[in-house]
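First the structure, in the form of structure tokens, and then the observations on it.
The values are calculated or read from the model by the stated rules, or taken from the named source; none is laboratory data. Predicted model only: the values in this text are computed from it and were never measured. Note that each Cβ is placed from the backbone with ideal geometry, even for glycine, and that neighbours are counted across all protein chains shown.
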Amino acid sequence: MANSVDINTVESGSLQTEAAPSTSNLFNRAFVDHPASVDETYLEHFGVATSFARRLGVATVKAMVHAVVPGLCCTSVSATIRELNDEIIAGGRGLDDTYSD
């Protein structure tokens, strides 16, 4: 039963409801807190994240090409991963496990 209530709680007059998270709290958590944790504004974080996504997308295509023709794109994917890792470490990114997936 989705709406079941303990009758003893109701009779004692101590029925409590859980308040839904406020909209501003959800907004801050989704758009402000994490970028701030890596010393960026939302727009700065957006730029960094989309840059990473673009480079990972290119690396994905190169990895697929390498899978089909092993003589092509032999080192470019691993080089991209190393570059991204270096940027993550240098920028202090990836250190905030509060938002881990």
Where a residue in the stretch 65-86 is without any contact (Cβ under 8 Å) to a residue 60 or more places away in the chain and hydrophobic (A, V, I, L, M, F, W, C) and its partner, wherever it lies, is surrounded by 12 or more Cβ atoms within 10 Å (Cβ to Cβ) and not in a helix (DSSP H, G or I), with Cβ under 7 Å and at least six apart: Val65/Cys73
Positions within the stretch 63-77 being surrounded by 15 or more Cβ atoms within 10 Å (Cβ to Cβ) and assigned to a loop (DSSP other than H, G, I, E, B), in sequence order: Cys73
Filter result for the condition that a residue is touching a Lys or Arg at 6+ places or on another chain (Cβ under 8 Å) and either outside any loop (DSSP other than H, G, I, E, B) or at pLDDT below 80 (or both), over Thr80, Thr60: Thr80
Tabulated pairs, the stretch 13-36, first closer than 29 Å to Val48 by Cα, second modelled with pLDDT under 85, C-beta under 7 angstrom, 6+ apart or interchain: His34/Asp96; His34/Tyr99
